[in-house]
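The values are calculated or read from the model by the stated rules, or taken from the named source; none is laboratory data. No experiment lies behind these values; they were computed from the predicted model shown. Cβ placement follows ideal geometry from the backbone for every residue including glycine, while neighbour counts extend to all protein chains displayed.
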Amino acid sequence: MSETINKSASLGSLTPTDAPRNHAKISMRHLGFRYGVTVALRDISLDLPENRVTGLIGPSGCGKSTLLRVLNRLYGLYPDQHATGEVHVDGQDILGPDVDTRRLRARVGMVFQTATTFPMSVYENIAFGIRLHQHLPRAELNQRVEAALTVAALWSEVKDTLHAPPAICQAASSSGSVLPERSPHARR
């Protein structure tokens, strides 16, 4: 990835590393990442300017997703994955040991290509994110879960099986959401 960025810069095109540092929302210096002993990223230096869209383009396996996982410290959920170097978001070093990863992940989100859910009911999957940031009475949490599913046009599909165990959930291919599998005996 670093070679591509440097090659582009030598051709005279404007790349994120050319942006003034004081306008960088995210700044990486000498970022490295490894899965155990396997090196996935090596010496990445890149500034991502605020209020700009930046695309990461490359072949499968070149480190695009790994780089994004570093930005919200998602790798910290897995053993033997390590980042080195510096990564600053709004001037704060996010690789330090004192970083509140819950707050960081609230600010630096990640959307996956494939719907990913936790092994729990539809209700618990929706309530999980709300509970991370707010302590609500049960009645208000219920309202928020219903509102989220209504906005996603899923409430009518899941309202009767909201608390169903995850073993009967299946991916709904048309919406990219996870819905409880309908019983063959359920009325439509």
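For this structure, a couple of remarks:
- Selected residue (criterion: farthest from Glu146 (Cα to Cα)) from residues of segment 98-123 that are in contact with a strand residue (DSSP E or B) (Cβ under 8 Å, 6 or more places away or on another chain) and not in a loop (DSSP other than H, G, I, E, B): Leu104
- Test result for Pro119, at pLDDT 70 or above and loosely packed, with under 13 Cβ neighbours inside 10 Å: yes
- Residue that is assigned by TED's automatic domain parsing to the domain that holds Tyr35 and either aliphatic (A, V, I, L, M) or under 18 Å from the mean Cα position of the chain (by Cα) (or both), where the choices are Gly76, Gly85, Gly109: Gly76
- So Gly61, is it at pLDDT below 95, within 16 Å of Met110 (Cβ to Cβ) and within 18 Å of the chain's Cα centre (by Cα): no
- Residue that is farthest from Ser45 (Cα to Cα), among those in segment 69-92 that are polar (S, T, N, Q) and in contact with a Phe, Trp or Tyr (Cβ under 9 Å, 6 or more places away or on another chain): Gln81
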